[in-house]
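> Provided herewith is a single structure, encoded as C-alpha cells, for subsequent inquiry.
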Amino acid sequence: MSEKISYGGMAVIEGVMMRGPAETALAVRKPDGSIEIDKEANSSLGKRYPILKWPFIRGSYALIESMVVGIRMLNKSANMSMAEEEEELSVTEILVTGLVAFVMAILLFVALPTAVVHFTKQYIGGIWGQNLVEGIIRIAFFFAYVYAISKMKEIERVFMYHGAEHKSIWALEAGEDLTIANARRHSTRHPRCGTSFLLVVMVVSILVFALLGDGTLFYRVWSRIAVFPIVAGLGYEFIRFSGKCYQQGWARYLIAPGLWLQQLTTREPDDEQLEVALAALREVLAEEQAGQAVMQPA
C-alpha cells in the first residue's frame, strides 16, 4: 500500500475482508441475498512494539498477523454464509483445520522439495545448483497446487471475490467513487497481491537457502523453517518497493511474474460480488474517516 493510505484485503467464503490501519471489516453475502458486515479493531502490537514495524522485521510480523487474521476471517465467513439451520463450525474444528493446513504446507513446499534434492544431489552438483533445482521444484509444486484448486467450484467463487477485492482497491487508489461501474473498469490483478508475495518468497528462498550449506535431511528441512522469517522479510520489502514503483517501465518486468500468476488466483467477479467487496471497503473507510474527524480540533 502507499504511504498515504494502507488498505488491502482478502477473499473469503462468499465475501471479502478489507483491512485499514485501525479497522478490519468483513462483508459476506448471506443465503437470503443480504450482505452481513462484521467489524473489529486491528491488533495494537505494532503500536506497542515499534520494532515490529522496522524494515525486514515487519515482513515476518505482517505475514504471521495476516495468517492469523486470515484463518479467523475465513472461518467466520464460512459461518456467516451458512443458512440458519446449518450447524456452525466449532472452535476445535477451526483449530484442527488450521493445523492440518499448516502441516500440509510444510510437507509439500518445504520437506518434499528438500528431500527430492537431498537424495539426488549427487546428480546435481554444488550447493547453488541444488538450491536452484529445489527452488524450481518448490515453485512447480506451488503452480500445480494453485492450478488444481482453481478447478474446484467453491474455490473458483473465492477467486472471483479475489478479483472483486482487487478491482475495489484499484478504484479507491484511482480516487474514484466506490461504485460497481467504476470498480468494473479495473484489473483483477494487483502488484501488492499476496499471490505475488508468495512467488517472490519462493524466488528469494533460492538465494537464502543456498547460504545454509549442506547437511543431513533433518538439518536441511529445519534450517529452512528457521530462516523463513528472513526470507519473508526480504520478500515483503520487495513487494512494498514494487508497489511504489510499479508504474515505471523497469519495475513492470519485476512484477510481471506475480501478475501472471494472479491469472490463476483471480477471476472476473459479477456485480453482486463487487457489491460485497465495495461494502467492506466503504465500512473500513467510514471507520477511519470517523476516527480522523474525532481527532480534528474543534
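Derivation of every value follows stated rules applied to the coordinates shown; laboratory data play no part. In this text, all values refer to a predicted model and were calculated from it rather than measured experimentally. Cβ coordinates were reconstructed from backbone atoms using ideal geometry, including for glycine residues, and neighbour counts include every protein chain displayed.
> Quick one: order Glu134, Glu275, Glu176 by neighbouring beta-carbon count within 10 Å, fewest to most. Before the final figure, lay out the partial values.
On the way: Glu134 25, Glu275 18, Glu176 14.
Ascending number of Cβ neighbours within 10 Å: Glu176, Glu275, Glu134.
> Moving on. Loop-only chymotrypsin sites (Phe, Trp or Tyr not before Pro) in region 220-264, please: DSSP not H, G, I, E or B, and at most 12 other Cβ atoms within 10 Å. The partial results should precede the final answer.
Values: sites: Trp222, Tyr236, Phe238, Phe241, Tyr246, Trp250, Tyr253, Trp260; in loops: Tyr246.
Sparse-neighbourhood loop chymotrypsin sites (Phe, Trp or Tyr not before Pro): none present.
> Which entries of Lys53/Lys244; Lys30/Lys244; Lys167/Lys244; Lys76/Lys151 have Cα-Cα distances beyond 28 Å here?
On the way: Lys53/Lys244 18 Å; Lys30/Lys244 36 Å; Lys167/Lys244 18 Å; Lys76/Lys151 24 Å.
Check vs 28 Å cut-off fails for Lys30/Lys244.
> Size of the dipole of region 8-295 about the Cα centre, Lys and Arg at +1 and Asp and Glu at -1 on the beta carbon, nothing else charged, in debye to 20? Please list the in-between numbers first.
Details: 27 positive and 30 negative charges, 320 e Å.
Here region 8-295 has a charge dipole of around 1540 debye.
> Sticking with this structure for a sec: When averaged across all projection directions, what area in nm² does the alpha-carbon convex hull of the chain cover? Spell out each step's value before the answer.
Numbers: hull surface 72.4 nm².
About 18.1 nm², averaged over all directions.
> Here is a further query. In the P(r) worked out for region 1-80, what percent of Cα pairs fall beyond 15 Å?
The calculated P(r) of region 1-80 puts 60 percent of pairs beyond 15 Å.
> Say R0 is 22 Å: what FRET efficiency, to the nearest 0.05, do Tyr253 and Ser187 get from their beta-carbon distance?
0.80
> Kindly provide the pair-distance distribution of region 117-167 built from C-alpha pairs, with 5 Å bins from 0 and whole-percent values in order of increasing distance.
With a bin width of 5 Å, the distribution comes to 5, 18, 16, 14, 11, 10, 8, 9, 7, 1.
> Now, a different point. Suppose R0 equals 30 Å. What FRET efficiency, 1/(1 + (r/R0)^6) with r the Cβ-Cβ distance, do Glu173 and Ile225 give to the nearest 0.05? Present the calculation step by step, with values, prior to reporting the outcome.
Details: r = 36 Å, r/R0 = 1.18.
Efficiency, rounded to the nearest 0.05: 0.25.
> Let me ask you something else. Specify the residue with the greatest mean-square fluctuation among Gly163, Gly249, Gly46, computed from a Gaussian network of the chain linking alpha-carbon atoms under 10 Å apart.
In this elastic network of the chain, the residue with the biggest mean-square fluctuation among Gly163, Gly249, Gly46 is Gly249.
> Which residues in region 8-34 place their backbone N less than 19 Å from a point set 7 Å from the Cα of Met152 along the Cα-to-Cβ direction?
10-17
> Modelling each spin label as a point 7 Å along the Cα-to-Cβ direction, I'd like the Phe218/Ala115 distance in nm, to one decimal.
1.6 nm
> Please give the helix 127-150 orientation as an angle from the longest Cα principal axis of the chain, in degrees from 0 to 90, rounded to the nearest 10.
Long axis of 127-150 versus the principal axis of the chain: about 40 degrees.
> Sticking with this one: Any chance you could run the full-extension gain for Ala41 through Trp128? It's 0.36 nm times the residue separation minus the Cα-Cα distance, nm to one decimal. Intermediate values should be presented prior to the final figure.
Working: separation 87, 0.36 × 87 = 31.32 nm, distance 4.50 nm.
Stretched out fully, the Ala41 to Trp128 stretch lengthens by 26.8 nm.
> Now for a different question. Grab the beta carbon distance between Phe141 and Val96, set R0 = 22 Å, and tell me the FRET efficiency rounded to 0.05.
On the way: r = 24 Å, r/R0 = 1.08.
After rounding to 0.05, the efficiency reads 0.40.
> Relative to the present Cα-Cα distance, how much length would full extension add between Tyr246 and Ala286 at 0.36 nm per residue of separation?
Values: separation 40, 0.36 × 40 = 14.40 nm, distance 2.81 nm.
Answer, rounded to one decimal: 11.6 nm.
> A further question on this structure: How far, in degrees from 0 to 90, does helix 194-210 lean away from the longest principal axis of the Cα atoms of the chain, to the nearest 10?
It works out to around 20 degrees.
> With springs only between Cα atoms under 10 Å apart, run a GNM on the chain and tell me which of Gln248, Gln262, Gln273 wobbles the most.
Of the options given, Gln248 has the highest mean-square fluctuation.
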